[in-house]
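J.: Below is a structure I'd like to ask you about.
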Amino acid sequence: MFEKLQPAPPDKILALLAQYREDGRADKIDLGVGVYKDEQGETPVMRSIREAEKRLYEEQTTKSYVGLQGDKAFCAVMGTLVLGDAILGERMRVCQSLGGSGALSIIAMMINRARPNATVWLSDPSWPNHIPLLSGAGLKPQSYPYYDAATGAILFEEMMAALRGAEAGDIVLLHGCCHNPTGADLSLEQWAAIADLCAEKGLFPFVDLAYQGFGDGLEEDVAGVRLMAQKVPELAIAASCSKNFAVYRERAGAAILVSNDAGALDNAFSQLLSVKRSVYSMPPDHGGAIVRIVLEDAGLRADWMEELEGMRSRMVTLRRDFADALRRASNSERFDFIAEQKGMFSRLGLTTGQIDTLRNDHGIYIVGDSRINIAGLHHDKLDDLARAIVAVSS
Ligand SMILES: Cc1ncc(COP(=O)(O)O)c(C=O)c1O
């Protein structure tokens with residue numbers, strides 16, 4: 001059996017991480033990997049999460065299964081965190097997932113049961129894992145224009161023109177906020193226009209929400225998806241807790257379905273649970289339980305929000321200061337877009353050769369599409385970094 005297999009192509013980001021670890025230079029900089037880092041370059045456990053883990057340890061009396069849906073109280077608080085009171089409870093169903101990726105997968109597999117090989121429209125560019133996740137579930141990826149690399153702007157007219165050419169029943173994947181890899185987010189007016197188009201043409205919006213709280217704020221970052229949920233008859237959301245609760249390895253997330261048709265919603269939700277049963281059965285509990293404890297306890301929740309806000313404002317400041325450093329180094333406004341964009345990622349618009357030179361000559365690690373992790377920047381290295389980037393790219 002195994003001799004019939006060829007090695008799978010290496011994951012480029014993981015390969016870059018391995019190369020970074022082996023690099024002995026003391027002043028090396030990792031801007032590749034997609035996790036939040038503090039000024040010390042660490043990804044610490046959040047205070048509220050640590051406290052929730054202590055409480056769970058004291059209070060948990062059994063490790064028996066929690067059921068296919070997962071922790072129902074976790075599902076309830078996640079539904080409210082994402083959709084607030086924009087949606088009445090009976091229009092929404094939530095189940096626990098293995099992080100955001102797990103939610104994307106099970107929703108895509110459920111959609112594939114409703115509409116085998118349905119076309120799913122993805123932004124160009126999108127998070128590289130979208131294509132394997134969605135096509136692995138049977139869906140057919142197709143791209144819509146999204147980003148103008150020369151100006152850092154969203155190609156909204158082009159995006160809408162492409163989506164006008166989609167067929168009823170096609171899926172439109174949207175990034176809820178902090179678009180990965182570009183950092184270029186839709187405005188509320190653009191969300192409204194897309195929602196209207198989806199409702200008019202019978203397109204199914206599927207929102208990937210992996211960075212709530214990293215862009216403009218916890219509530220602000222979901223204004224678009226909430227508006228969409230009020231305007232369209234049906235949608236699905238894959239919400240990740242990995243980044244905003246810093247629980248990456250715990251694999252906590254939620255798959256959320258919304259519909260105006262209560263009967264259809266119940267059927268879809270039962271199919272979602274049946275997909276889980278067929279691939280991995282019961283969800284793990286620990287990650288969901290600690291997120292639930294934080295969200296249910298007023299004190300822990302307030303502390304979590306404060307820490308999350310600290311992470312968000314650090315990225316906003318880093319964006320502004322890095323754009324300033326690049327402006328000084330290049331004597332131009334070429335990189336000003338970095339200050340305007342949101343969340344953890346932006347693209348520098350460098351060629352593969354320039355990225356290789358940055359790595360080989362300066363110990364600066366950037367992934368192949370020139371996406372950088374803003375949270376990987378250090379305030380005291382911004383000017384050196386900006387000079388190196390300008391030196392290789394001019
Ligand atoms: C756009 C996007 N969606 C989903 C995810 C999935 O996150 P996880 O499965 O770790 O919760 C990520 C993580 O990097 C992401 O960037």
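The values are calculated or read from the model by the stated rules, or taken from the named source; none is laboratory data. As the structure is a computational prediction, the values presented were derived from the model and not from experiment. Cβ placement follows ideal geometry from the backbone for every residue including glycine, while neighbour counts extend to all protein chains displayed. The protein model used for the area step is the full one, side chains on, heavy atoms only, and it has no ligands, DNA or RNA in it. Shrake-Rupley method; radii C 1.70, N 1.55, O 1.52, S 1.80 Å.
J.: Within region 217-249, count every residue that is open to solvent by 40 Å² or more (accessible area, probe 1.4 Å), more than 16 Å from the ligand (Cβ to nearest atom) and either out of contact with any Pro (no Cβ under 9 Å at 6 or more places or on another chain) or closer than 23 Å to GLY99 by Cβ (or both). Walk me through how you get there before you give the answer.
T.: Let us first name the residues in region 217-249 that are open to solvent by 40 Å² or more (accessible area, probe 1.4 Å), namely 219-220, 227, 230-231, 233-234, 248-249.
Now restrict to residues that are more than 16 Å from the ligand (Cβ to nearest atom): 219-220, 227, 230-231, 233-234.
Checking the rest, the ones that are also either out of contact with any Pro (no Cβ under 9 Å at 6 or more places or on another chain) or closer than 23 Å to GLY99 by Cβ (or both) come to 219-220, 227, 230-231, 233.
Going through region 217-249 one residue at a time, the tally reaches 6.
J.: Another question, if that's okay. Could you identify the single residue in ASN180, ASN129 that is within 12 Å of the ligand (Cβ to nearest atom), open to solvent by 30 Å² or more (accessible area, probe 1.4 Å) and assigned by TED's automatic domain parsing to the domain that holds SER270? Full working, then the answer.
T.: Values: ASN180 fails: open to solvent by 30 Å² or more (accessible area, probe 1.4 Å).
Among ASN180, ASN129, only ASN129 is within 12 Å of the ligand (Cβ to nearest atom), open to solvent by 30 Å² or more (accessible area, probe 1.4 Å) and assigned by TED's automatic domain parsing to the domain that holds SER270.
J.: Moving to a separate point now. Quick check: anything in region 371-383 in a helix (DSSP H, G or I) and within 15 Å of ARG327 (Cβ to Cβ)?
T.: Taking region 371-383 first, the residues in a helix (DSSP H, G or I) are 374-376, 379-383.
When the remaining residues are screened for being within 15 Å of ARG327 (Cβ to Cβ), the result is 382-383.
Yes; the residues of region 371-383 include at least one that is in a helix (DSSP H, G or I) and within 15 Å of ARG327 (Cβ to Cβ).
J.: So LEU31 ticks every box in (1) without any contact (Cβ under 8 Å) to a residue 24 or more places away in the chain; (2) over 25 Å from VAL222 (Cα atoms) but one. Which box is left unticked?
T.: Of (1) without any contact (Cβ under 8 Å) to a residue 24 or more places away in the chain; (2) over 25 Å from VAL222 (Cα atoms), only one is false for LEU31: (1).
J.: Which residue out of LEU134, LEU186, LEU235, LEU173 is assigned to a strand (DSSP E or B), farther than 19 Å from LEU81 by Cβ and without any contact (Cβ under 8 Å) to a residue 60 or more places away in the chain? Explain how you work it out, then say what you get.
T.: Values: LEU134 fails: assigned to a strand (DSSP E or B); LEU186 fails: assigned to a strand (DSSP E or B); LEU235 fails: farther than 19 Å from LEU81 by Cβ.
Just a single option satisfies the conditions, and that option is LEU173.
J.: Follow-up. Condition first: surrounded by 15 or more Cβ atoms within 10 Å (Cβ to Cβ), in a helix (DSSP H, G or I) and either under 23 Å from the mean Cα position of the chain (by Cα) or assigned by TED's automatic domain parsing to the domain that holds ILE290 (or both). Now tell me which residues in region 52-75 satisfy that.
T.: PHE74, CYS75
J.: May I pose another question? Those residues that are away from the ligand (no atom under 15 Å from the Cβ) and either open to solvent by less than 60 Å² (accessible area, probe 1.4 Å) or outside any loop (DSSP other than H, G, I, E, B) (or both), I need them from region 32-43; list them, please. First the steps, then the outcome.
T.: Start the filter on region 32-43 by keeping residues that are away from the ligand (no atom under 15 Å from the Cβ), which leaves 38-42.
Once the filter is applied, which keeps residues that are away from the ligand (no atom under 15 Å from the Cβ) and either open to solvent by less than 60 Å² (accessible area, probe 1.4 Å) or outside any loop (DSSP other than H, G, I, E, B) (or both), region 32-43 yields ASP38, GLY41.
J.: What's the number of the condition ALA150 fails, among (1) open to solvent by 30 Å² or more (accessible area, probe 1.4 Å); (2) aliphatic (A, V, I, L, M); (3) assigned to a strand (DSSP E or B)?
T.: (3)
J.: Let me ask something else about it. Among what's in region 153-177 and is under 19 Å from the mean Cα position of the chain (by Cα) and away from the ligand (no atom under 13 Å from the Cβ), pick the residue that is farthest from ASP221 (Cα to Cα).
T.: Taking region 153-177 first, the residues under 19 Å from the mean Cα position of the chain (by Cα) are 154, 171-177.
Pick out the ones that are also away from the ligand (no atom under 13 Å from the Cβ) and you get 154, 171-172.
Details: ILE154: 17, ILE171: 22, VAL172: 19 Å.
In this case the residue turns out to be ILE171.
J.: Here's a follow-up. For region 76-98, what are the residues that are small (Gly, Ala, Ser) and either crowded, with 19+ Cβ neighbours inside 10 Å or in a helix (DSSP H, G or I) (or both)? Steps first, answer last, please.
T.: From region 76-98, those small (Gly, Ala, Ser) are 76, 79, 84, 86, 89, 97; that's our starting set.
The answer is ALA76, GLY79, GLY89, SER97.
J.: A further question on this structure: Which residue, of SER48, SER101, is part of a helix (DSSP H, G or I), polar (S, T, N, Q), open to solvent by 10 Å² or more (accessible area, probe 1.4 Å) and not assigned by TED's automatic domain parsing to the domain that holds HIS362?
T.: Values: SER48 fails: open to solvent by 10 Å² or more (accessible area, probe 1.4 Å).
When all the criteria are applied, what remains is SER101.
J.: Now, a different point. What are the pairs, 6+ residues apart or on separate chains, where a residue within region 38-58 that is over 12 Å from ARG292 (Cα atoms) and of a type in the set (Asp, Glu) has its Cβ under 7 Å from a residue that is open to solvent by 50 Å² or more (accessible area, probe 1.4 Å) and not in a helix (DSSP H, G or I)?
T.: ASP38/PRO44
J.: Given (1) surrounded by fewer than 17 Cβ atoms within 10 Å (Cβ to Cβ); (2) outside the structural domain of GLY102 (by TED's automatic domain parsing); (3) more than 21 Å from SER346 (Cβ to Cβ); (4) not hydrophobic (A, V, I, L, M, F, W, C), identify the lone condition not met by ASP303.
T.: (1)
J.: Does region 266-283 hold any residues that are of a type in the set (A, V, I, L, M, F, W, C) and either more than 16 Å from CYS75 (Cα to Cα) or not assigned by TED's automatic domain parsing to the domain that holds VAL232 (or both), and which are they? Working first, answer last.
T.: So the first thing to find is which residues in region 266-283 are of a type in the set (A, V, I, L, M, F, W, C), and the list is 268-269, 272-273, 275, 279, 282.
Matches in region 266-283: ALA268, VAL275, VAL279.
J.: Would you confirm, using the coordinates I've provided, whether ALA289 is small (Gly, Ala, Ser) and either open to solvent by 70 Å² or more (accessible area, probe 1.4 Å) or touching a His at 6+ places or on another chain (Cβ under 9 Å) (or both)?
T.: On the way: small (Gly, Ala, Ser): yes; either open to solvent by 70 Å² or more (accessible area, probe 1.4 Å) or touching a His at 6+ places or on another chain (Cβ under 9 Å) (or both): no.
Criteria not met by ALA289.
J.: Restricting attention to region 183-192, which residues are among the charged types (D, E, K, R) and within 16 Å of the ligand (Cβ to nearest atom)?
T.: We begin by selecting, within region 183-192, every residue among the charged types (D, E, K, R); these are 185, 189.
Within region 183-192, ASP185 is the sole residue that qualifies.
J.: Can you find a residue in region 348-357 that is touching a Cys at 6+ places or on another chain (Cβ under 9 Å) and open to solvent by 40 Å² or more (accessible area, probe 1.4 Å)?
T.: In the first step, residues of region 348-357 are kept if they are touching a Cys at 6+ places or on another chain (Cβ under 9 Å); the result is none.
So far as region 348-357 goes, no, none of its residues is touching a Cys at 6+ places or on another chain (Cβ under 9 Å) and open to solvent by 40 Å² or more (accessible area, probe 1.4 Å).
J.: Moving on to the next point. Against the condition farther than 21 Å from LEU16 by Cβ and touching an Asp or Glu at 6+ places or on another chain (Cβ under 7 Å), how does ASP303 come out, does it pass?
T.: Spelling it out, it is not the case that ASP303 is farther than 21 Å from LEU16 by Cβ and touching an Asp or Glu at 6+ places or on another chain (Cβ under 7 Å).
J.: Which is outside any loop (DSSP other than H, G, I, E, B), in the same structural domain as TRP127 (by TED's automatic domain parsing) and either modelled with pLDDT of 95 or more or surrounded by 22 or more Cβ atoms within 10 Å (Cβ to Cβ) (or both), of GLY213, GLY253?
T.: Numbers: GLY213 fails: outside any loop (DSSP other than H, G, I, E, B).
The unique qualifying residue is GLY253.
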